[in-house]
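Q: Below is the structure I would like to discuss, written out as structure tokens.
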Amino acid sequence: MIGRRLALFAAATTLVLSGYPAWAQSSLRAPSFPRSELTIEARGGKVHRFTVELADTDERRAYGLMHRDTMPADHGMIFDFKRDQPVAMWMRNTRIPLDMLFIDREGRVVNIHARAVPFDETSIGSEGPVRSVLELNGGTAARLGLAPGDVVRHPIFRNAP
């Protein structure tokens, strides 16, 4: 009986993993993420600085902030989609609430989704084409007064020095 259950489990696992990208089949470990500095220029001239991890490959974008229990208050993750397009995110396997800032190629915040719910698989979308999504700890956007129209400065945007 136990042998039969193990065989069924192995077969089910094979079927599930066959739908995953090749990188996920070979390793379920978190990919490494390069770090850099990012600033947000909010209304009223306030500048907020963050250390961000860059999710700029399919593997990094797919893994994102999954399986993390915490993130420092002045940190985040920026997802670079390399071109402007409508984007949708979700919170699968993400344990911490997040604010999602959807940003166009010029670095301008298009829309913000505040306090995305951990583990929720509901699609959270941009309100038009965007180049990237910046994820910050849930509540950060409200605490800092961030809003659509604010400017994000990072090397992936055209406004970078």
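Q: For Arg95, indicate whether it is surrounded by fewer than 16 Cβ atoms within 10 Å (Cβ to Cβ), at pLDDT 95 or above and either among the basic types (Lys, Arg) or closer than 22 Å to Arg143 by Cα (or both).
A: Yes; evaluated as a whole, the condition is true for this residue.
Q: Does segment 115-132 contain at least one residue that is over 18 Å from Ser36 (Cβ atoms) and touching a His at 6+ places or on another chain (Cβ under 6 Å)?
A: yes
Q: Tell me, yes or no, whether segment 19-32 has at least one residue that is within 19 Å of Val152 (Cα to Cα), among the small types (Gly, Ala, Ser) and not in a loop (DSSP other than H, G, I, E, B).
A: Scanning segment 19-32, I find no residue that is within 19 Å of Val152 (Cα to Cα), among the small types (Gly, Ala, Ser) and not in a loop (DSSP other than H, G, I, E, B), so the answer is no.
Q: Does Ile40 satisfy the condition of being of a type in the set (Val, Ile, Thr), more than 16 Å from the chain's Cα centre (by Cα) and modelled with pLDDT of 95 or more?
A: Taking the combined requirement at face value, the residue satisfies it.
Q: I'd like the residue in segment 53-82 that is farther than 22 Å from Thr39 by Cα and of a type in the set (Asp, Glu) and, out of all such residues, is surrounded by the most Cβ atoms within 10 Å (Cβ to Cβ).
A: Ranking the candidates gives Glu59 first.
Q: Let me ask something else. Across segment 105-145, what is the total count of residues that are out of contact with any Leu (no Cβ under 6 Å at 6 or more places or on another chain), closer than 21 Å to Arg49 by Cβ and of a type in the set (D, E, K, R)?
A: Selection size over segment 105-145: 4.
Q: Of all residues in segment 83-136, which are more than 21 Å from His67 (Cβ to Cβ) and among the small types (Gly, Ala, Ser)?
A: Scanning segment 83-136 gives Gly107, Ala114, Gly125, Ser126, Gly128, Ser132.
Q: A follow-up question, please. Report, by residue number, each residue of segment 65-81 that is within 22 Å of Asp150 (Cβ to Cβ) and under 14 Å from the mean Cα position of the chain (by Cα).
A: Leu65, Met71, His75, Gly76, Met77, Ile78, Phe79, Asp80, Phe81
Q: Same structure, new question: Based on what the data block shows, is Arg5 part of a helix (DSSP H, G or I) and at pLDDT 90 or above?
A: Considered against the rule, which asks whether it is part of a helix (DSSP H, G or I) and at pLDDT 90 or above, Arg5 comes out as no.
The values are calculated or read from the model by the stated rules, or taken from the named source; none is laboratory data. Computed from a prediction, not measured in an experiment: that's the story for all the values here. Quick reminder, even Gly has a Cβ in these numbers, built from the backbone with ideal geometry, and neighbours come from all protein chains shown.
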